[in-house]
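Each remark here refers to the structure printed beneath this line.
The values are calculated or read from the model by the stated rules, or taken from the named source; none is laboratory data. Values in this document were obtained by computation on a predicted structure and should not be read as measured data. Methodologically, a virtual Cβ is constructed for each residue, glycine included, from the backbone with ideal geometry; neighbour enumeration extends over all protein chains shown.
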C-alpha cells in the first residue's frame, strides 16, 4: 500500500503530478527515465553527492535538456544530502522527463518524512528543502511500502 503524507511542514502538497504518480506508484514505464543506484558502501559518503550531480549533468545532456542541469543539480544535491543525513543513506536517484517537466526522485532507507526547518540566522543546516521549494514547481514524498521512502521534486523547464 502506498501512503501519501501531507503534513504542514511540507510547503507543497505531497501528491506527485499524475504522470509521475503512474510511474512511481503503478510502475508504468517512461520514455525518458534514467536510474543511478548508489552503492551501499558509498551511500553515506559526501562524494556520492558529486557523483549524483555528474549523473544529472550527463543525463540531461544526453536528453538535450542542458538548460535544466544547474537547477536539477542543486535539487539533487539537497535531496541526496538529506537522504544521507536523515534517511539512512541514498539508495537510488531517478530522473524522469515528461514534456517540459523533469522529476528528480531520491529513494532512501527510512520512512521518516522530510521536514522543512525554520533555521535561525546562525543555523548551519535547515535550508535545503526551502531551496528545493524555491526551485521546483512541486515536491513531496511517498512511501511505496517497506522501510523506505521516495522524495520527489519536479522542475518545470
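Close contacts from segment 140-157, counting a first residue that is in a loop (DSSP other than H, G, I, E, B) and a second that is modelled with pLDDT under 85, with Cβ to Cβ under 6 Å and a gap of 6+ residues or different chains, come to 144/2. The one condition from (1) within 15 Å of residue 136 (Cβ to Cβ); (2) out of contact with any strand residue (DSSP E or B) (no Cβ under 7 Å at 6 or more places or on another chain); (3) without any contact (Cβ under 8 Å) to a residue 60 or more places away in the chain that residue 74 does not meet is (3).
So residue 66 passes all but one of these: (1) out of contact with any strand residue (DSSP E or B) (no Cβ under 7 Å at 6 or more places or on another chain); (2) surrounded by 20 or more Cβ atoms within 10 Å (Cβ to Cβ); (3) more than 17 Å from residue 130 (Cβ to Cβ). Which condition number does it fail? With (1) out of contact with any strand residue (DSSP E or B) (no Cβ under 7 Å at 6 or more places or on another chain); (2) surrounded by 20 or more Cβ atoms within 10 Å (Cβ to Cβ); (3) more than 17 Å from residue 130 (Cβ to Cβ) applied to residue 66, the lone miss is (2). Residue check, residue 58 against (1) part of a helix (DSSP H, G or I); (2) in contact (Cβ under 8 Å) with a residue 12 or more places away in the chain, all met but one. Which one? Result: residue 58 passes all but (2). Could you check residue 81 against (1) under 20 Å from residue 135 (Cα atoms); (2) crowded, with 20+ Cβ neighbours inside 10 Å; (3) under 11 Å from the mean Cα position of the chain (by Cα) and say which number it fails? Only one criterion is unmet by residue 81, namely (2). No other residue among 23, 12 is surrounded by 14 or more Cβ atoms within 10 Å (Cβ to Cβ), farther than 21 Å from residue 110 by Cβ and either within 14 Å of the chain's Cα centre (by Cα) or modelled with pLDDT under 95 (or both) apart from 23.
A quick yes/no check of all residues on (1) at pLDDT below 95; (2) farther than 23 Å from residue 29 by Cα:
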residue	(1), (2)
84	yes, yes
104	no, no
142	yes, no
157	yes, no
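Residue 89: at pLDDT 85 or above and at positive phi, yes or no? Here the answer is yes, as residue 89 does meet what is asked. If you take the residues of segment 28-53 that are at pLDDT 85 or above and out of contact with any strand residue (DSSP E or B) (no Cβ under 9 Å at 6 or more places or on another chain), which of them is farthest from residue 82 (Cα to Cα)? Checked segment 28-53; the qualifying residue farthest from residue 82 (Cα to Cα) is 28.
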